[in-house]
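Colleague: Can you read through this structure? Questions will come right after.
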Amino acid sequence: MEIRENVTGVERRKLNHGFIRRISVLELVTAKDLKKTYGTGNAAVDALKGVSFSVEKGAFLSVIGPSGSGKTTLLNLIGCLDRPSEGSLSVAGTEVSGLSRRDGARFRGNKIGFIFQSFNLIPVLTVFENVEYPLVMVQEVPASTRSKRIMALLEAVGMADQKKKLPDQLSGGQKQRVAIARALVTHPELVLADEPTANLDRDTAQSIIRLMKTIRNDFQTTFIFSTHDARIIDEAERILRIEDGRLTSNGNNGGIRHD
Ligand SMILES: Nc1ncnc2c1ncn2[C@@H]1O[C@H](COP(=O)(O)OP(=O)(O)O)[C@@H](O)[C@H]1O
Ligand SMILES: [Mg+2]
């Protein structure tokens, strides 16, 4: 294969692995005819039946659709928690559909932040330590920079004064604020949130989505979140609607009817 002279070591390794594809630099996620089948034979479930779309850098996008439509499956594929059965999926310039479990985990650790429905904070760690955790796990950031970075994020989510508390001393909304800070601490290009407001009351849900949007504005981090909560869909700028494993609408928010 041709090795260009001006490519870096990392790029050359990617070229050697065939990971580089021609994609627009403005596209952070590109899916082509993406399919996911769980199980085999009579027990097979076609959770995604061929979806194609792209997500531009800096997007604030919501994946919507009824329960069982394939939202979690799609987010898990984008987040390299699972692999597609067919089709191609490019995330931040890397074709992730063929990544091994180990390479997928490394890619995820460096490029993607996660926010969960049930917050998933570690109960024995303080707020500060919970946000610090991904840095300890996946990145070698010196302790001095680490602390500054964590405190800046706790400030951004309005939780700096709670840094010594344990998760069970916090409300649901406060926990999700900490989880947002934790998702951002590795400076990921993409944050994925699977129904992040499902366990929150209406006002808190809206404030969490607005906080995510403020962070997108300030840090230019791309956000993809799923929801079937009509009350927060209005906050999304772009919407992908999935029904029964198929994409049924894809566009800017405003022209789309919500049910
Ligand atoms: N691990 C799994 N094994 C088998 N079927 C699954 C698995 N995960 C999800 N499914 C099925 O795939 C379909 C899509 O599920 P999911 O992506 O969780 O939808 P949503 O997040 O929109 O509720 C559903 O029919 C669900 O039952
Ligand atoms: Mg789901």
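A short reminder: the numbers here are calculations on the coordinates, not readings from a lab. Model, not experiment: these values are computed from the prediction. Counting neighbours? That spans all protein chains shown, and the Cβs are built from the backbone with ideal geometry, glycine included.
Colleague: Run the dipole for region 189-259 about the Cα centre, Lys and Arg Cβ at +1, Asp and Glu Cβ at -1, nothing else charged, and hand back the magnitude in debye, nearest 20. Can you show the working numbers first?
Modeller: Values: 9 positive and 13 negative charges, 43 e Å.
Computed charge dipole of region 189-259: roughly 200 debye.
Colleague: Using a Förster distance of 22 angstrom, determine the FRET efficiency expected from the C-beta separation of residue 218 and residue 26, and round it to 0.05.
Modeller: On the way: r = 20 Å, r/R0 = 0.90.
Using R0 = 22 Å, I get an efficiency of 0.65.
Colleague: Take 147, 100 and order them by how many other Cβ atoms sit within 10 Å, fewest up front.
Modeller: On the way: 147 14, 100 9.
Listing 147, 100 from fewest to most nearby Cβ atoms yields 100, 147.
Colleague: Give a residue-ordered list of calculated ³J(HN,Hα) values for region 80-97 (Karplus: 6.51 cos²θ - 1.76 cosθ + 1.60, θ = phi - 60°; whole Hz; x for Gly, Pro).
Modeller: In residue order, the calculated couplings are 6, 7, 8, 10, x, 7, 8, x, 10, 8, 10, 10, 6, x, 10, 6, 9, 5 Hz.
Colleague: Put +1 on the Cβ of each Lys and Arg and -1 on the Cβ of each Asp and Glu in the chain; which of 85, 105, 254 then has its Cα farthest toward the positive end of the dipole?
Modeller: 105
Colleague: Still on this structure: In the chain, what % of DSSP beta bridges are antiparallel (nearest 5)? All intermediate terms of the calculation are to be shown ahead of the outcome.
Modeller: Numbers: 22 of 40 bridges.
Antiparallel bridges: around 55 percent, rounded to the nearest 5.
Colleague: Another question, then. Would you grab the residues whose amide H sits under 5 Å from the one on residue 243? Only those 5+ places off in sequence or on another chain, please, with H modelled 1.01 Å from N.
Modeller: 248
Colleague: Report the relative contact order of the chain, percent, no decimals, based on alpha-carbon pairs under 8 angstrom and at least 6 residues apart. Each step should come with its number before you reach the end.
Modeller: Numbers: 467 pairs, mean separation 64.2, N = 259.
For the chain, the relative contact order is 25 percent.
Colleague: Still on this structure: Could you give the size of the charge dipole of region 9-252 about its Cα centre, using +1 on the Cβ of each K and R and -1 on the Cβ of each D and E, expressed in debye and rounded to the nearest 20?
Modeller: On the way: 34 positive and 27 negative charges, 135 e Å.
Taking the Cα centre of region 9-252 as origin, the dipole is about 640 debye.
Colleague: Name the residue from 211, 242, 142 whose Cα lies farthest towards the positive end of the charge dipole of region 9-252, charges +1 on Cβ of Lys and Arg and -1 on Cβ of Asp and Glu.
Modeller: Checking the options against the dipole of region 9-252, the answer is 142.
Colleague: Okay, next question. For the chain, what class follows from the C-alpha gyration tensor (a ≥ b ≥ c being the square roots of its eigenvalues): rounded when a/c is under 1.5, otherwise prolate if a/b is larger than b/c, else oblate?
Modeller: oblate
Colleague: Among 114, 223, 128, which one moves the most in a GNM of the chain with springs linking Cα atoms closer than 10 Å?
Modeller: The residue with the greatest mean-square fluctuation here is 128.
Colleague: Determine the calculated [θ] at 222 nm for the chain from helices alone, applying -39500 (n - 2.57) to every DSSP H run no shorter than 4 residues and normalising by the residue count; nearest 500 deg cm²/dmol.
Modeller: Details: 8 runs with 89 residues, N = 259.
Roughly -10500 deg cm²/dmol at 222 nm, from the helical runs in the chain.
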